[in-house]
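Structure record follows, encoded as structure tokens.
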Amino acid sequence: QIAAQRPAVATGKTFGQALTEYLKAKATVWTPSNQAKELGHHRHVFSKSPEFTALPLAAIDPAAKNAAIDVWPVQSRNHRMIGIYIDAVIKFAETGKLRRSGAVVEGKHLEAMDYAAVPAFYARLHEGEQTVAGDALLFLILTGCRAGELIRTGAKAAATWSEIADIDGALTWIIPAARMKAGRVHRVPL
């Protein structure tokens, strides 16, 4: 299925070959002072997955991508970034275009719900059909956290039960720094 979706330009080329071409093109975008660091970082990240880099692009499926990601510890920066790097390399192999970093996607911004309406909304949500998404929203309302701190978003991992701790008889959700916007561990009393 995946091979049929890829254009002819990517067919037969290994991920390692595409990575080399991508890094050559990307090096022209990086500042000269940052070039060696970025090249070294990308090479280091993929050196841990030689079986992945040997795969033909047409053979890369979600399972192969997840296996490359899972080489790195869940809370590490490399675990978060390697999926983004893989997507960028594949996109470059298919289109010849580099992914723009820091690009802002314009979208419709929604107004926040009036705080006085939240209790009624919460009650309707709580009374409705129980779904994972609904339960996650209820949890977010109660904790005041961002969705990215609870669910998997992009390269950030989802919350796990191991983050819930009993501290002096009180349950506390300890959110790792890797999932926090501020980059610091955050404790949420439950």
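The values are calculated or read from the model by the stated rules, or taken from the named source; none is laboratory data. Here the structure is a predicted model, which means the values were calculated and not measured. Note that each Cβ is placed from the backbone with ideal geometry, even for glycine, and that neighbours are counted across all protein chains shown. What goes into the accessible areas is simple: the full protein's heavy atoms, side chains included, and nothing from ligands, DNA or RNA. Shrake-Rupley method; radii C 1.70, N 1.55, O 1.52, S 1.80 Å.
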Any residue that is open to solvent by 60 Å² or more (accessible area, probe 1.4 Å) and at pLDDT 85 or above - is there at least one of those in segment 141-148? yes
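Yes/no per residue for (1) outside any helix (DSSP H, G or I); (2) over 21 Å from PRO189 (Cβ atoms); (3) open to solvent by less than 70 Å² (accessible area, probe 1.4 Å):
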site	(1), (2), (3)
GLU129	yes, yes, no
GLY134	no, yes, yes
PHE139	no, no, yes
ALA159	yes, no, yes
Restricting to segment 65-96, what's the tally of residues that are more than 20 Å from LEU23 (Cβ to Cβ) and open to solvent by 20 Å² or more (accessible area, probe 1.4 Å)? 7
Scanning segment 137-190 for residues that are among the hydrophobic types (A, V, I, L, M, F, W, C), touching a Lys or Arg at 6+ places or on another chain (Cβ under 6 Å) and within 23 Å of GLY83 (Cα to Cα) gives ALA155, ALA158, ALA177
Positions within segment 45-98 being of a type in the set (Gly, Ala, Ser) and either part of a loop (DSSP other than H, G, I, E, B) or in contact (Cβ under 8 Å) with a residue 12 or more places away in the chain (or both), in sequence order: SER49, ALA54, ALA58, ALA59, ALA64, ALA67, ALA68, SER76, GLY83, ALA88, ALA93, GLY96
Taking the condition open to solvent by 60 Å² or more (accessible area, probe 1.4 Å), at pLDDT below 85 and in a helix (DSSP H, G or I), does VAL9 pass? yes
Quick check on ALA4: is it modelled with pLDDT under 90 and either crowded, with 18+ Cβ neighbours inside 10 Å or within 14 Å of LYS91 (Cα to Cα) (or both)? no
Out of all the residues in segment 161-185, which are more than 25 Å from ASP70 (Cβ to Cβ) and either touching a residue at least 24 places away in the same chain (Cβ under 8 Å) or open to solvent by less than 30 Å² (accessible area, probe 1.4 Å) (or both)? THR172
Over segment 117-166, the set of residues closer than 30 Å to TRP72 by Cα and among the hydroxyl-bearing types (Ser, Thr, Tyr) is THR143, THR153, THR160, SER162
